[in-house]
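S.K.: One structure is given below, represented as structure tokens, and several questions about it will come after.
The values are calculated or read from the model by the stated rules, or taken from the named source; none is laboratory data. What you see is a predicted model, and the numbers here were worked out from it, not measured in a lab. Don't worry about glycine lacking a Cβ; one is built from the backbone with ideal geometry, like all the others, and counts go over all protein chains shown. Please note that ligands, DNA and RNA were not included when accessible areas were found on the heavy atoms of the full protein model with its side chains. Shrake-Rupley method; radii C 1.70, N 1.55, O 1.52, S 1.80 Å.
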Amino acid sequence: MKRFIVMTTVFIMLFLSIFLFYESNNKVGTASKYNMYFAPRTLYWGVEGADVKTVQDKLLRWGYYDGYVDGIYGARTYRAVIRFQNKNGLNPDGVVGPSTAQALGMVTTAPSSAQGVSRKSDEYLLARAIHGEARGEPYVGKVAVAAVILNRTRSPSFPNTIAGVIYQPLAFTAVADGQINLTPNKDSINAARDALNGWDPTYGCLYYWNPATATSKWIWSRKVVLKIGKHWFGL
């Protein structure tokens, strides 16, 4: 009897181990598939990879791209993406985000549970930009940086999407040096939320710069409106 109980216990433990291992792997596989098909990375000027090659190949075959399929997102790829976006009624920001990727046939239609997430996506992208550009600044300075980005989306001189503004070539140091990919902290996320909710400490400014590190001579032609932390904000 004792032997039967021991064998039964061993069998049950072995069965549970196999079941839990299978479930764990199944969940990982599901998450990977979701990320692959529904949440591909955003592609913009300067990034490289196989997914960039896929974009270039498609645009080349469809007559939008006239460069090499080399996996490097440069000026020709950027212009080709804008031509494709204009032709297909998309925001012409030169960025391959979810909508453009879907139009290119790189993702399938998102499930119903994934609809209506643009606000969250914009908030997180904005928080990443804040963290990369102003994580050493006071809180109001973080909100101010986000406000400048949002102000640009409303100006005819800039792309009309948050992603388009942030990933506009040579617009932000954090994109150029890769700090845009750092995980934002709580302050950066809250600052993005405050800016999206309407707080603009800059009173409509379209530019900001650090006078101690700015290398562009052109930026000094901007009218300075106010100073917050190490940044100057202007029009």
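S.K.: One residue is enough: does segment 182-190 have a residue meeting the conditions closer than 15 Å to Val145 by Cα and open to solvent by less than 40 Å² (accessible area, probe 1.4 Å)?
M.R.: Scanning segment 182-190, I find at least one residue that is closer than 15 Å to Val145 by Cα and open to solvent by less than 40 Å² (accessible area, probe 1.4 Å), so the answer is yes.
Let's see how each residue does on (1) out of contact with any Asp or Glu (no Cβ under 8 Å at 6 or more places or on another chain); (2) open to solvent by 60 Å² or more (accessible area, probe 1.4 Å); (3) farther than 23 Å from Ser99 by Cα; (4) part of a helix (DSSP H, G or I):
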residue	(1), (2), (3), (4)
Glu123	yes, no, no, yes
His131	yes, no, yes, yes
Gly136	yes, yes, yes, no
Val143	no, no, yes, yes
Ala147	no, no, yes, yes
Arg152	yes, no, no, yes
Phe158	yes, no, no, no
Pro169	yes, no, no, no
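S.K.: Any residue in segment 210-224 that is open to solvent by less than 100 Å² (accessible area, probe 1.4 Å) sitting within a Cβ distance under 7 Å of a residue that is aliphatic (A, V, I, L, M)? List the pairs, counting only those 6 or more apart or interchain.
M.R.: Close Cβ pairs satisfying both conditions: Arg222/Leu235.
S.K.: Can you name the condition, by its number, that Thr8 falls short on among (1) closer than 26 Å to Asn160 by Cα; (2) at pLDDT below 90; (3) open to solvent by less than 80 Å² (accessible area, probe 1.4 Å)?
M.R.: (1)
Residue-by-condition table, conditions (1) open to solvent by less than 90 Å² (accessible area, probe 1.4 Å); (2) part of a loop (DSSP other than H, G, I, E, B); (3) at pLDDT below 85; (4) touching a Lys or Arg at 6+ places or on another chain (Cβ under 8 Å):
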| site | (1), (2), (3), (4) |
| --- | --- |
| Ser17 | yes, no, yes, no |
| Tyr22 | no, no, yes, no |
| Asn25 | yes, no, yes, no |
| Asp70 | yes, yes, no, yes |
| Val81 | yes, no, no, no |
| Phe84 | yes, no, no, no |
| Thr108 | yes, yes, yes, no |
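S.K.: Could I ask something else about it? Considering only segment 188-201, state which residues are in contact (Cβ under 8 Å) with a residue 12 or more places away in the chain and either farther than 9 Å from Ala127 by Cβ or in a loop (DSSP other than H, G, I, E, B) (or both).
M.R.: Asp194, Ala195, Leu196, Trp199, Asp200, Pro201
S.K.: Looking only at segment 212-226, decide whether some residue is farther than 30 Å from Gly89 by Cβ, of a type in the set (Val, Ile, Thr) and touching a helix residue (DSSP H, G or I) at 6+ places or on another chain (Cβ under 8 Å).
M.R.: Taking segment 212-226 and keeping what is farther than 30 Å from Gly89 by Cβ, we get 212-226.
Of the ones still in play, those that are also of a type in the set (Val, Ile, Thr) are 213, 215, 219, 224-225.
The next check asks that each one be touching a helix residue (DSSP H, G or I) at 6+ places or on another chain (Cβ under 8 Å); those that pass are none.
Looking for residues that are farther than 30 Å from Gly89 by Cβ, of a type in the set (Val, Ile, Thr) and touching a helix residue (DSSP H, G or I) at 6+ places or on another chain (Cβ under 8 Å), one finds none in segment 212-226, hence no.
S.K.: Do we have Leu206 as surrounded by 13 or more Cβ atoms within 10 Å (Cβ to Cβ), more than 17 Å from Ser155 (Cα to Cα) and not charged (D, E, K, R) here? Reasoning before the result, please.
M.R.: On the way: surrounded by 13 or more Cβ atoms within 10 Å (Cβ to Cβ): yes; more than 17 Å from Ser155 (Cα to Cα): no; not charged (D, E, K, R): yes.
So Leu206 fails the test.
S.K.: Here is a further query. Yes or no: Val175 touching a Gly at 6+ places or on another chain (Cβ under 8 Å) and part of a helix (DSSP H, G or I)?
M.R.: Details: touching a Gly at 6+ places or on another chain (Cβ under 8 Å): yes; part of a helix (DSSP H, G or I): yes.
Judged against the criteria, Val175 is a match.
S.K.: Mind checking which pairs have a first residue in segment 61-73 that is touching a residue at least 24 places away in the same chain (Cβ under 8 Å) and a second that is of a type in the set (Phe, Trp, Tyr), Cβ under 9 Å, 6 or more apart or different chains?
M.R.: Qualifying pairs under 9 Å: Tyr73/Tyr44; Tyr73/Trp45.
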